[in-house]
Structure formats: structure tokens, C-alpha cells
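The values are calculated or read from the model by the stated rules, or taken from the named source; none is laboratory data. Please read all numbers here as calculations on a predicted model, not as lab measurements. Here Cβ is always computed from backbone atoms with ideal geometry, including for glycine, and neighbour counts include all displayed protein chains. For accessibility, only protein heavy atoms count, side chains too; no ligands or nucleic acids. Shrake-Rupley method; radii C 1.70, N 1.55, O 1.52, S 1.80 Å.
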Amino acid sequence: MEQIKSRKLTAIENTEAALARIKNLNPKINAFIELNEKGALDTAKWIDEKIKQGKKVGKLAGLIVAVKSNINVTGLHITCASKTLEDYVGTFDAAVVQRIKSEDGIIIGMTNMDEFAAGSSGETSAWGPTDNPSALGHIPGGSSSGSAAAVAVGICDLAIGSDTGGSIRNPASHCGIVGLKPTYGLVPRHGLIDLAMSLDQIGPMARDVYGCALLLEVIAGYNPRECTTLKVDLKDFTKKVGADIKGLKIGIAPQYEEVTVDKKIYQKIERAIEILKDLGARVVQVNLPNLKRALPAYYLINYVEFFSATRRFDGRRYGKRIEDVCGEEVLRRILLGSYISQKEYRGKYYHKAIKTRSVIKHETLEAFKQADVLISPTVPKLPHKFGAKLTPFEMYGYDLFTVPTNLSGICAGVVPVGKIDGIPIGLQIQGKPLDELTIFKIMEAYEKSTRELS
Amino acid sequence: MEVLIGLEIHEQINTKSKLYCDCPTNYRDVSPNTNVCEICTGCPGAKPMPPNQDALDAVIAISLMLDCEVLTNRPVYIQRKHYDYPDLPSGYQRTSLPIGINGKVNGTRIREVHMEEDPGQYDPVSGIVDYNRSGVPLVEITTEPDLRSPEEARLFLRALYRILDFSGKAREEPGTLRVDANISMAGGARVEIKNINSVKGVYRALKYEITRQKSLLTRGEAVRRETRAYLESQMITVPMRTKELEADYRYIPDPDIFPLVIDSNKVEAIKASLPEAPHMREKRLIQQYGIAPLHAKVLTSELALADLFEAVAKKIDPKIAALWLRDKLKNVLNYYGIRCAESLLIPEHMIELLKLVQSGSITPETGEKLLQRMVKEPVSPLKLVEELKLTKIVEEKLLEEAITKAIAQNPQAVKDYLSGKSEALNFLMGRVMKITQSRADSKVVIQLLKQKLKR
Amino acid sequence: MKREEIEKRGEELIKEFSEAIADVKEEVETYYVSELVNVVRIDSEPVQKKDFKDKMLKIAPSVDEEGNIRVEIGKWVG
Ligand SMILES: [Zn+2]
């Protein structure tokens with residue numbers, strides 16, 4: 001971006017280069033499913049014009065931003081990677097898209113994803129799976145698969161994804177990039193197509209911590225036109241990320257190691273913790289006995305809210321009737337959501353899940369009385385190869401470490417900490433509600449130290 | 001056979017913008033799908049705006065006017081009520097948990113009062129949908145099954161409607177009222193009738209349904225538990241074979257909207273500024289203005305009429321004002337089939353008109369004619385009188401001419417009168433009034449006619 | 001996969017899930033992550049969104065010449 005502001009690189013050049021890279025690489029990766037070629041070039045031209053005339057430009061001036069296909073951009077196909085919405089053209093700009101546009105970000109296109117964000121592998125898109133550019137032949141993770149892959153392969157500068165139970169963090173980990181799921185209510189959701197409304201958050205994805213913090217700075221903040229954003233002072237994330245992490249208390253639960261399927265992953269995490277200790281952080285033990293209950297509670301809630309959210313896809317005003325055209329996992333969630341929200345079953349399933357959520361939330365916030373952050377792997381196992389058949393239960397297993405964040409409404413960041421057999425591993429740092437800054441500080445410190453090493 | 005009837009009434013609240021978005025609420029004045037946005041048409045990803053505070057306050061005020069207890073200091077969730085119907089853009093209707101409970105109107109118990117959003121308008125015959133109405137705030141009022149006949153239902157609805165009108169919170173246009181009726185008879189199941197749009201419709205639908213159920217029961221057949229639609233055009237009810245309408249609504253608190261907690265101080269404040277209830281106003285009009293109880297009843301049949309009366313009674317003898325509003329104005333309104341609230345008559349013009357009549361500048365008949373124009377356009381009667389030269393004829397010569405003309409044109413009537421049929425005199429007077437465009441004083445005309453036609 | 005099969009397997013899934021949380025003793029139900037109440041707005045001058053109608057009609061599967069959305073005819077009146 002400095003290059004653009006200092007006119008070493010024009011916005012047009014950056015956009016054209018990105019489009020060229022996309023044309024070259026996208027057929028292999030399948031990260032984008034809709035391009036905004038003309039719109040992007042027009043915006044770039046306009047930004048260059050502003051710079052030329054010495055006018056003030058926005059924080060994202062000239063940067064190429066990819067948007068997940070479940071976030072509305074006027075005039076583009078917002079499909080959720082589903083046949084249901086293959087003909088739906090965005091009728092409005094999501095609040096975050098308005099903010100990106102007003103800060104002069106260039107929206108280059110819509111990224112691939114698991115259908116309706118209901119997946120953790122990137123395989124369930126009606127437009128075909130996205131490949132993992134950092135470990136070809138392996139799933140990129142999901143559901144923000146296209147956003148993660150596009151960032152990883154460098155065909156965009158920044159991307160936005162959404163995270164309901166790990167959909168930003170999981171592919172960030174598998175693709176080896178930085179991603180953050182903000183505190184519930186920090187980023188407006190108007191325009192984000194629902195998976196589970198009480199858990200969904202839009203968040204930034206980037207190749208480095210700075211980019212991630214920059215994009216969050218742009219999209220975060222109170223929106224009076226919706227109910228669930230919080231009235232908080234915006235933290236100047238980018239200005240403050242450099243600070244040191246001496247004395248920060250890192251919380252680790254014994255349950256983390258127990259549930260990690262691939263033990264090699266845990267070894268990577270332990271090494272990363274050692275590095276953070278060297279940088280001055282302190283490790284404290286916390287206890288999360290209900291960790292394993294988060295996953296079932298999460299899925300039961302997800303089914304019910306997703307069922308409710310999909311009732312509008314009746315094919316009358318736009319698109320097609322969802323049950324007629326959707327894929328297996330989406331149909332499963334609708335049917336199960338409908339089943340467990342019935343009068344006679346809701347007590348046993350839905351209400352029980354809602355109560356379990358109270359337990360998880362309480363337990364997590366309790367842990368934060370001892371620790372500033374909680375550190376764990378992002379996913380308990382390595383991504384599978386395309387073609388492997390997983391049961392729904394095995395698939396859901398990827399989300400074990402990520403869903404407690406959403407159930408508790410807190411924030412969590414992922415930063416790459418190396419590779420196993422060529423497959424990237426991400427460290428998950430969960431923070432207190434609205435304490436994104438501490439997460440950025442730790443990620444930045446880690447990133448800096450390893451950059452110095454290499 | 002005992003009949004148990006319970007009603008569920010929906011009425012629109014008169015806010016400027018919709019309940020969960022800032023689209024306008026004047027859906028009748030615009031072409032289809034004009035007052036809409038991504039929120040009220042259920043576009044993917046659209047989130048509701050925070051609920052309209054004024055709609056909530058209106059529902060609290062209405063609850064209080066229906067003698068309900070307002071539920072305070074506890075979360076009132078906005079629930080999603082799921083069902084599949086073309087007018088429902090999100091596949092669920094947002095409806096609040098009860099805001100008021102345990103009220104009473106005319107001896108009928110009010111079970112609950114809720115705040116809801118109106119769906120769009122679907123015409124099942126042509127299969128078209130207009131979402132202009134989608135998202136307009138509604139108050140939903142449900143009664144206990146206390147009503148025993150269609151007539152009781154009609155009386156109850158009139159009383160309820162009068163209260164809603166006097167609350168000043170309901171939309172003033174007609175046809176905004178919508179009613180679902182539950183009816184069960186001894187030995188049969190409960191049947192719900194949907195889709196009734198008027199008080200008359202409720203009466204007819206219930207009558208039809210009672211006849212239908214009675215004949216089933218006397219034939220020894222079962223009355224099934226079902227939902228039926230009222231077809232206004234044919235005045236019958238038919239089964240709605242929509243599976244979804246019978247089904248479980250799968251209520252969940254809307255995750256996009258936080259619960260409302262109504263503060264008891266707020267309820268006290270709303271109570272303190274509550275408009276006068278219609279039955280209280282009726283009593284006061286009798287006491288304060290000394291008008292006949294029957295007049296007071298008519299004048300308080302509608303808020304706008306009561307307000308008009310009190311404004312006019314400041315300047316005009318209240319008894320005369322009451323008589324004019326009850327008789328002459330009501331006649332004109334009935335003739336056009338409109339309510340006082342829909343007329344363009346303003347108190348100043350009504351006062352001017354009555355002063356013209358009282359001073360004898362115009363005849364009462366001219367006054368009534370002017371009223372016909374005044375309810376349709378906001379025009380000063382003084383100006384009209386000048387423009388149309390409608391002042392009372394006082395010149396004897398002009399009256400003479402008119403009477404001579406009337407006698408000459410109607411020999412048969414003259415003959416009848418002379419042969420003893422005194423009603424013929426009224427006929428001749430009518431002819432004179434017609435010739436003079438009602439500008440003649442009818443009493444003077446009668447006298448002159450009698451003189452002219454001395455038997 | 002057939003709908004019936006998804007439903008059948010799904011029931012096993014939720015059975016497993018509900019067993020995993022069956023012994024939770026909690027009584028408080030957390031529907032919302034933030035404990036906010038009374039997030040409301042004051043009724044204000046409405047805004048008519050001039051260009052929305054066109055965008056909406058353009059993507060609708062069927063519309064009539066007046067700008068209504070065309071859907072199915074009510075089964076009970078047909
Ligand atoms: Zn709207």
C-alpha cells in the first residue's frame with residue numbers, strides 16, 4: 001500500500017496485476033467464483049485520480065480485497081456457493097462492504113466457500129472445491145476456503161470471511177495465513193447471509209498480522225442500523241500492534257493436548273509457546289472440563305438457527321427453493337434443525353444446547369480470570385486429501401477448538417507456526433471479549449520473531 | 001347448542017416508518033413494491049434495524065386502554081414464528097411475547113396483547129404479492145373464548161375498534177383491521193377462520209360457520225379441527241389445505257433482535273399521558289355540554305367526530321352543534337361512505353357554517369348542501385356562499401316569482417291540495433326550494449303557498 | 001443421498017450430541033452472546049429507496065406489469 005500512496009505502484013497496476021494472477025492461478029485453485037473486473041478497474045482508476053490530484057485517500061487505497069460469497073455486494077452474484085442463489089444478484093452493500101469501499105479498497109470478486117458456510121473443508125461448494133495452494137491436493141479448510149486460498153496464493157491483498165464455528169480460523173490454519181474472528185458484535189453483520197445468527201461474525205484474513213489488523217480497523221465498529229453491534233471505541237489496531245508481550249499470561253488447558261488427534265500438531269504448538277515464553281509471556285494452567293461439550297451444543301444450535309435462516313429461500317422473490325437444489329450437508333442441517341425445534345423435541349435438544357452454551361461461556365470467561373489469552377491448536381487434525389470420505393461426525397471434528405470461541409462470543413486469531421509434512425499449522429489465540437489488540441500483539445510478536453529467525 | 005368464540009385481532013399502528021426498517025408505512029398510496037428495501041423483502045443477509053420504539057409505546061398504551069396488565073421488568077423476546085406463505089418474505093413473522101395480559105372490553109376478557117410485523121399483501125386468486133405492507137407494525141389482541149354469538153362478536157369488535165380509534169395509535173384508514181376467529185360448538189373440534197377483514201365479515205363468517213357445524217353435528221358427522229379461510233366474495237368459509245398453517249411454528253427468540261424489558265416507570269408515564277377512553281368521554285360530553293345521551297353516543301363513535309364536536313362547541317351552542325354533527329354531518333358521511341377522520345372538514349369551517357345558519361344568512365338546507373362539499377375539500381363556507389350566491393332569499397318579489405312558477409308547473413299538486421290532500425303542500429314547497437336552490441326559508445314558503453292557495 | 005437417509009443418519013447424530021450434553025446441570029438459557037436489552041430506535045422520517053424496486057424485480061423469477069411479484073395461486077381458491 002505504501003507503494004501505491006507513494007505512487008511507485010498505481011492502483012490500476014495493482015488491480016491489473018491481480019486480475020492477471022487470478023486468470024493464471026484461479027483455474028487451478030478455484031478460489032474465486034465471481035470476478036468484479038470492470039468495477040475493480042473503475043475503482044482503481046478513480047483512486048489513482050484522487051492520488052494524482054493530491055486528495056486524501058482511504059486506509060485501503062488501492063489494495064485488492066476479496067469478499068466471501070455470503071456477503072452482499074451490489075450488482076455481483078452473491079451465491080453462498082449454492083445453486084439456491086445462483087441467480088441472486090446483490091441488491092445492497094453489506095455494512096462491511098460499504099466500509100471497505102469508503103476506505104478505497106478494491107473489491108476484486110467473490111470467493112468460493114462451503115455451501116452456505118455449512119462446512120469445514122471447502123468441498124461442498126456447488127462450484128467445486130477450492131484447492132489448498134499451500135498444500136496442493138489437500139482441502140483448504142472452510143468454510144471461507146476461497147478467501148483463505150486467494151490470500152495464501154497472493155491473488156489478492158486482503159480478504160474477508162465469516163466465522164460461525166471456525167470458518168475463518170480453520171482455513172487460515174490449513175492455508176498458512178493470518179485470520180481473526182472478532183468479538184461478537186464488533187463487526188456489523190448486515191449483509192452477511194446467515195448460518196447461525198447468534199454466532200456469525202465477519203472477520204479479516206491476510207498474509208500478515210498488519211494486513212489483518214488494518215482490515216479489521218476498517219470493518220469494525222458500531223452500526224446503528226442493526227441491533228447486535230456493540231457501542232465501543234474503535235481500537236487503533238495497526239498503531240498499537242508493535243508493543244511487546246512481556247508479562248502476558250498465556251492460558252493452557254490440559255484438555256487441549258488430550259483432544260488433539262494429530263500429536264505432531266500439538267508439538268508445533270508447544271514450540272510456538274516456547275517462543276512466546278522467550279518473548280516474555282508467562283504460561284498459566286486453566287481448566288476447561290466442558291471443552292468436549294462445545295461441539296454438540298454448537299451443532300444443535302447451528303441446526304436450529306440455520307433452519308430458521310433458510311426459510312426465506314422459498315424461490316418466490318429470488319433464487320430457488322433451497323430444499324430442491326441444495327447439497328447434502330445443507331439439507332441435513334435444515335432437516336435436523338426443523339426436527340429438533342419442534343415443540344415435542346425442543347426441550348431435549350435445543351434448550352439443552354442453549355443451556356450448555358451457558359456452561360461453555362461461563363467456563364471460558366472464568367479461565368480469563370487467570371489468563372490474558374488461551375492458546376491452542378486451531379484444528380485437532382491435519383487436513384484430509386480430496387477424495388477421502390468423511391462421516392459428518394468426522395467432519396465436525398475439525399471444529400473442536402474453534403467453536404468455543406463463538407459460543408462464548410469472544411475473539412480469536414490464527415497465526416501460522418510452521419508446517420508438518422508441508423501442511424501449514426496455525427496457532428489459535430483466544431482473547432477476552434473486545435480484546436483483539438492483545439491477540440494482535442501476540443501474533444505480531446510471534447510473526448516478527450520467526451521472521452527474524454528465517 | 002353452546003357456541004364458544006374467541007377472536008384474534010390485528011390492527012396497524014400509525015408510525016411513520018416500519019417496525020424493523022425505515023421504509024414508509026403509507027402502502028396504500030404507492031404502486032406495488034415501492035416502499036420496500038432489503039430488510040422488509042427478506043433479501044439474503046438483511047438484518048432488522050432496531051425495533052421502532054414508538055410502535056412499542058403504542059402497544060403499551062393500547063394494552064393499558066384495554067385494561068391489561070403490562071408485563072414489566074422481564075425480557076420480552078421478539079420471537080420468530082415460522083410458516084411458509086407467499087406474503088411472508090423471511091419465512092417467519094416476528095412477534096413479541098405478550099406485552100399486556102388479562103384485560104377486559106365490554107365484559108369480554110382480553111388474553112394477550114403482542115407487537116407484530118405485518119406481512120405483505122398476497123392475492124391468492126391472482127397469485128401476486130406486493131411487499132409494501134410488509135413490516136408495518138401491528139398490535140395483536142387475542143380474547144378468551146368468551147363470545148357466544150356472531151352478534152356478540154360484532155358488538156365486541158365495535159367496542160374494541162372504538163377504543164383503538166380513541167387511543168390515537170391505530171392507522172386511521174379503514175380495512176386495516178384483520179381478524180382470525182376461533183369457534184367451537186359442543187361436540188365438535190375448534191375451527192379457526194382466517195382472513196376476515198371487517199366487522200361485517202366476522203359476523204357473516206361466524207354465522208356461516210355455525211350453520212355449517214350445526215348441520216354436520218346434527219347429521220352425526222364430526223367437526224374436524226382445521227383452519228379455514230373466509231371468502232369475502234362468496235360469504236363462505238373453505239378449508240385451507242396448507243400443511244404449514246396447521247404445523248408447529250417452531251418459535252425461537254430472534255437472534256438478531258435483543259429482548260425488550262419494559263420499565264414500570266415508563267408504563268406509569270404512558271398511563272399518565274393516555275388519551276381519554278371513549279366511554280369516559282361519552283359520559284363527560286353529557287355532563288359538560290348537557291347534550292342528550294343518544295347524541296353523546298353517536299359523537300363518541302369516532303375520535304375525530306368527538307374532537308370536532310368539542311372544537312365546535314367552544315363557539316356554538318353545544319346542543320345545536322351536537323344536533324348538526326349527529327344528523328346533518330353523519331348523513332353526509334354515510335352518503336359518501338367515509339368516516340369523519342377521512343373527511344376534510346375542519347372545525348373552523350364547521351363553526352363558520354353554523355354561524356351562517358344561526359344568523360339566518362343561509363337556510364339549513366343550504367347549510368347541508370355546503371357540508372357535502374366541505375367534507376370533500378377544505379373550503380370556507382363563507383367563500384362558497386359568496387361565490388355561489390347562496391344567501392337566503394329575503395326579497396318578496398323573488399319568492400313570489402318562484403311560487404308562481406311552482407304552482408304553474410304543477411297543476412295536479414295544486415288540485416290535490418285544494419281537494420284536501422295537505423301533503424301536496426310539502427311537494428309544492430319542495431318544488432319552490434328546488435327553483436330557489438334551497439335559498440328560500442321553508443317556513444316562509446309554506447306560509448306564502450298557503451296564502452296563495454286559499455282553499 | 002436420499003432425504004430419508006439423511007434424516008435417519010441425522011437422528012443418530014443428534015442422539016449422540018444430546019447424550020454428550022445430557023448431564024449438563026445448567027438451567028440458564030443463553031440465547032444471545034451479549035446481554036443487551038432494549039436496543040431500539042426512535043420512529044423517524046421514513047426513507048423511500050428509489051432504486052431498490054428495480055433491483056428486486058430484476059432478480060425475481062416472475063413479476064407482473066404493475067410491479068407485483070408473481071407466485072403460486074392459493075390452493076383453496078383454485
Ligand atoms: Zn423496508
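Quick look at the values:
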item: Qualifying positions in segment B:135-149 - of a type in the set (Val, Ile, Thr) and either within 16 Å of the ligand (Cβ to nearest atom) or farther than 25 Å from B:MET185 by Cβ (or both); result: B:VAL136, B:VAL139
item: Any hit, segment A:260-268, residues being within 14 Å of chain C (Cβ to nearest Cβ) and of a type in the set (A, V, I, L, M); result: no
item: Residue in segment B:69-103 that is farthest from the chain's Cα centre (by Cα), counting only those that are among the aliphatic types (A, V, I, L, M) and within 14 Å of chain A (Cβ to nearest Cβ); result: B:ILE78
item: Options B:ILE110, B:ILE99, B:ILE78; residue that is in contact (Cβ under 8 Å) with a residue 12 or more places away in the chain and either farther than 26 Å from A:GLU305 by Cβ or among the polar types (S, T, N, Q) (or both); result: B:ILE110
item: Enumerated helices (runs of 4 or more DSSP H) restricted to segment A:304-392, each holding at least 3 residues that are free of Cβ contacts under 8 Å to residues at least 60 places away in the same chain; result: A:328-340, A:343-346, A:352-367
item: Residue that is assigned by TED's automatic domain parsing to the domain that holds B:THR176 and either within 16 Å of the ligand (Cβ to nearest atom) or open to solvent by less than 10 Å² (accessible area, probe 1.4 Å) (or both), where the choices are B:TYR27, B:TYR77; result: B:TYR27
item: The lone exception for B:GLU112 - which of (1) out of contact with any Pro (no Cβ under 7 Å at 6 or more places or on another chain); (2) surrounded by fewer than 24 Cβ atoms within 10 Å (Cβ to Cβ) it fails; result: (1)
item: Flag for B:TYR20 being open to solvent by less than 10 Å² (accessible area, probe 1.4 Å), within 16 Å of the ligand (Cβ to nearest atom), within 12 Å of another protein chain (Cβ to nearest Cβ) and within 27 Å of B:ILE196 (Cβ to Cβ); result: yes
item: B:PRO98 open to solvent by less than 20 Å² (accessible area, probe 1.4 Å), at pLDDT 95 or above, closer than 28 Å to B:ARG80 by Cα and outside any strand (DSSP E or B); result: no
item: Failed item, numbered, when A:LYS292 is tested on (1) under 27 Å from A:ALA117 (Cβ atoms); (2) open to solvent by less than 90 Å² (accessible area, probe 1.4 Å); (3) basic (Lys, Arg); result: (2)
item: Residue that is least open to solvent (accessible area, probe 1.4 Å) [pool: residues in segment B:30-40 that are within 11 Å of the ligand (Cβ to nearest atom) and among the aliphatic types (A, V, I, L, M)]; result: B:VAL36
item: Residue identified as touching a residue at least 24 places away in the same chain (Cβ under 8 Å), open to solvent by 10 Å² or more (accessible area, probe 1.4 Å) and either closer than 28 Å to A:GLU16 by Cβ or not in a strand (DSSP E or B) (or both) among A:ALA148, A:ALA159, A:ALA152, A:ALA172; result: A:ALA152
item: Count of residues meeting criterion [facing chain B (nearest Cβ under 7 Å) and closer than 21 Å to A:GLY75 by Cβ] in segment C:58-78; result: 2
item: Yes/no for B:CYS43 being assigned by TED's automatic domain parsing to the domain that holds B:ASP256, within 15 Å of the ligand (Cβ to nearest atom) and modelled with pLDDT of 95 or more; result: yes
item: Test: C:GLU7 is within 7 Å of chain A (Cβ to nearest Cβ), surrounded by 11 or more Cβ atoms within 10 Å (Cβ to Cβ), outside any loop (DSSP other than H, G, I, E, B) and not aromatic (Phe, Trp, Tyr); result: yes
item: Selection status of A:GLY319, within 14 Å of chain B (Cβ to nearest Cβ), under 19 Å from C:LYS15 (Cβ atoms) and small (Gly, Ala, Ser); result: no
item: From the options B:ALA247, B:ALA304, residue that is of a type in the set (A, V, I, L, M) and in the same structural domain as B:VAL357 (by TED's automatic domain parsing); result: B:ALA304
item: Residue match in segment A:142-151 (condition: over 12 Å from the mean Cα position of the chain (by Cα) and at positive phi); result: no
item: Number of positions in segment B:64-74 that are assigned to a loop (DSSP other than H, G, I, E, B) and open to solvent by 10 Å² or more (accessible area, probe 1.4 Å); result: 6
item: Out of A:ALA196, A:ALA220, sole residue that is more than 13 Å from the chain's Cα centre (by Cα), over 15 Å from A:ALA172 (Cα atoms) and within 14 Å of chain B (Cβ to nearest Cβ); result: A:ALA196
item: Selection within segment A:200-213 - crowded, with 24+ Cβ neighbours inside 10 Å and outside any strand (DSSP E or B); result: A:ASP200, A:VAL209, A:CYS212, A:ALA213
item: Matching residues in segment B:46-63 - criterion: being open to solvent by 10 Å² or more (accessible area, probe 1.4 Å) and either β-branched (Val, Ile, Thr) or within 16 Å of the ligand (Cβ to nearest atom) (or both); result: B:MET49
item: First in segment A:233-244 and without any contact (Cβ under 8 Å) to a residue 60 or more places away in the chain, second anywhere and part of a loop (DSSP other than H, G, I, E, B), Cβ under 8 Å, 6 or more apart; result: A:LEU234/A:ALA220; A:LEU234/A:GLY221
item: Among the candidates B:ASN182, B:ASN195, residue that is polar (S, T, N, Q) and within 14 Å of another protein chain (Cβ to nearest Cβ); result: B:ASN195
